[in-house]
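The values are calculated or read from the model by the stated rules, or taken from the named source; none is laboratory data. For clarity, every value in this text was computed on a predicted model and none was experimentally measured. Using ideal geometry, Cβ is built from the backbone for each residue, glycine included, and neighbour counts are taken over all protein chains shown. Surface areas here come from the heavy atoms of the whole protein model, side chains and all, with no ligands, DNA or RNA. Shrake-Rupley method; radii C 1.70, N 1.55, O 1.52, S 1.80 Å.
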Amino acid sequence: MTETKSKLTPKAIMAASSGNVLEWYDFTVYGFLAPTLATLFFPSEDKLASLLSAFAVLAVGYAARPIGSVIFGHIGDRIGRKTALMISVLLMGGGSFAIAALPTYEEIGIAAALLLVAIRVVQGISVAGEYTASGVLLVEQARDGRRAMTGAWVAFAMMWGCVLGSAVPAGFSTVLSTEQMAEWGWRLPFAIGGLVAIFSAILRLSLTETVRAENPDDRTSPVLQSLRNHKGLIGQMVLLLIPTAVIYFVIYVYAVSYLGSETGFSSSKALDITTINLIVMALFVPVCGMAADRFGFRPVFLAGAIVTLLAAAPCWWLMHRPDTISVFAGQLGLTLSSTAGWALSVSALTMMAPQHLRCSVVALGYNICMAVFGGTTPIVATYLVNRTGDDFAPVYYIIIATLVSIPVIWRLPKLISSVEVYNGDDTSSRA
């Protein structure tokens, strides 16, 4: 692999990770505004049916990610990480502007819902290369002993996107009436997302490119090579990330809608609780990165899994209490238990993947997991609760997701030590 060696400056870290702010801001905004969007684009006398339709569009966006993995994995491995990042952030921002200007069902009928689905598909494809390509670019250039912390900055940016994605709708819902939010206020958070994309694209103009050396005898798509030669590795990546995806979407998408519509909590109060917990999560991400660089990936991942297994049920019970403090404490417990997965995922996946196929393998592992177990979680949780009548059904889902990840967590030292990670001087790593 031919790469450009350069000092990884704070500006480069900010530029590479800035698109993750937009990615998670946009998807968090959509999740939090799902009840409003459900009535505007999927009107129905059955409130649950409308909400499920809105969540289905969220799932469709995630389902499109494997397609994006093919496209952006190819771009990242054949052309360069920077190119993939520029294209993805501009497409994502264009989609945000499009949603902000989109007519509702009342104005153009079923076409409104179809257009919303189409936009979310394009955005799902575009963000497939965002989180993974930015993480790969940074971890490849990080020095030994700092790779977990460097990759954690991507998760840190992602979390602040989540914070903004809950804080901005919460702020608008506080200053605007319910009628104003339903009429036009819901458009403003999406318009802001488009502005974030422009800012990110400008920052990325200064990024150092890393490009794979061309081999005239190697014409096979890197994605096809990845699927043919590294199916097992991709599968292990998916298993590693399942609890990370499931827990996030249970507590920050499904639970917010549940609190706002089932337990008497106002939407603004639910968003306030979530925003504070996301800030805590963002601040805890660098701590997990530093811990992994010092003690290894396996102990930190494993600690998060064990805490999740022990705390999931008590925390969920607290989230169903009628008082704000209990709800906050319950969400905080699940937040802290899942932070390690987000903080370390992009670094671990990058260090597990072969160099010449790194963007493709990482994108496939991450996006398949998010498509199958991330975007579908709100629908699964809603269905399970309504089907069984058991409010604790999402907890069982979280526990199963965590259990299947533990064998891969245990194998992390072997998976990481078998791959060289280029950083210009050495290739050693700590798992």
- Item | Extended-chain gain in nm, criterion 0.36 nm per residue less alpha-carbon gap, Lys269 and Thr178 | 31.4 nm
- Message: If I model a spin label as a point 7 Å beyond the Cα along the Cα-Cβ vector, how far apart are those points for Thr324 and Ile67 in nm?
- Response: 4.3
- Query: When only the heavy atoms of the protein chains count and the probe is 1.4 Å, how do Ile379, Ile119, Ile110 rank by accessible area, highest first?
  - Reply: Ile110, Ile379, Ile119
- Per the rule of 0.36 nm per residue minus the C-alpha distance, extending Arg387 to Val117 adds in nm 94.6 nm
- Item | Convex hull of Cα atoms in the range 89-150, direction-averaged projection (nm²) | 5.0
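Please state, to two decimals, what the Cα-based radius of gyration of the range 241-396 comes to when divided by 2.2 N^0.38 Å (N = residues).
Ratio of Rg to 2.2 N^0.38 Å for the range 241-396: 1.09.
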- Task: Compute the separation of the alpha-carbon centres of the range 281-337 and the range 119-139 and state it in Å as a whole number.
- Result: 26
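Based on alpha-carbon atoms only, what is the radius of gyration of the chain relative to the globular estimate 2.2 N^0.38 Å? Provide the component values of the computation, followed by the final result.
Details: Rg = 20.5 Å, N = 431, 2.2 N^0.38 = 22.1 Å.
It is 0.93.
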- Please give the solvent-accessible surface of Asp144 in Å², to the nearest 10, using a probe radius of 1.4 Å with every protein chain present. 60
- Which ³J(HN,Hα) values in Hz, rounded to whole numbers, follow from the phi angles of the range 361-375 under the Karplus curve 6.51 cos²θ - 1.76 cosθ + 1.60, where θ = phi - 60° and Gly and Pro get x? 5, 5, 4, 5, x, 5, 6, 5, 4, 5, 5, 7, 10, x, x
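Using a 1.4 Å probe, what is the accessible area per residue for the chain, in Å²? Present the calculation step by step, with values, prior to reporting the outcome.
Working: 15990 Å² over 431 residues.
For the chain, the solvent-accessible area averages 37 Å² per residue.
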- Message: Could you work out the pair-distance distribution P(r) of the range 26-183 from its alpha-carbon pairs, with 10 angstrom bin width and percents rounded to whole numbers?
- Response: 10, 33, 33, 17, 6, 1
- Counting only the heavy atoms of the protein chains, how much of Phe97 is accessible to a 1.4 Å probe, in Å² to the nearest 10? 80
- How would Val346, Val175 rank on accessible area, largest to smallest, probe 1.4 Å? Val175, Val346
- Heavy-atom accessible area of His356 with all protein chains present, probe 1.4 Å, nearest 10 Å²? 70
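Treating only the Cβ of Lys, Arg, Asp and Glu as charged (+1, +1, -1, -1), what charge dipole size does the chain show about its Cα centre? Round to the nearest 20 debye.
Working: 27 positive and 26 negative charges, 237 e Å.
Using Cβ point charges on Lys, Arg, Asp and Glu, the chain gives about 1140 debye.
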- Task: Taking all protein chains together and a probe of 1.4 Å, list Leu203, Leu22 from the most accessible to the least accessible.
- Result: Leu203, Leu22
- Item | Relative contact order (%) - criterion: Cα under 8 Å, at least six apart; region: the chain | 27
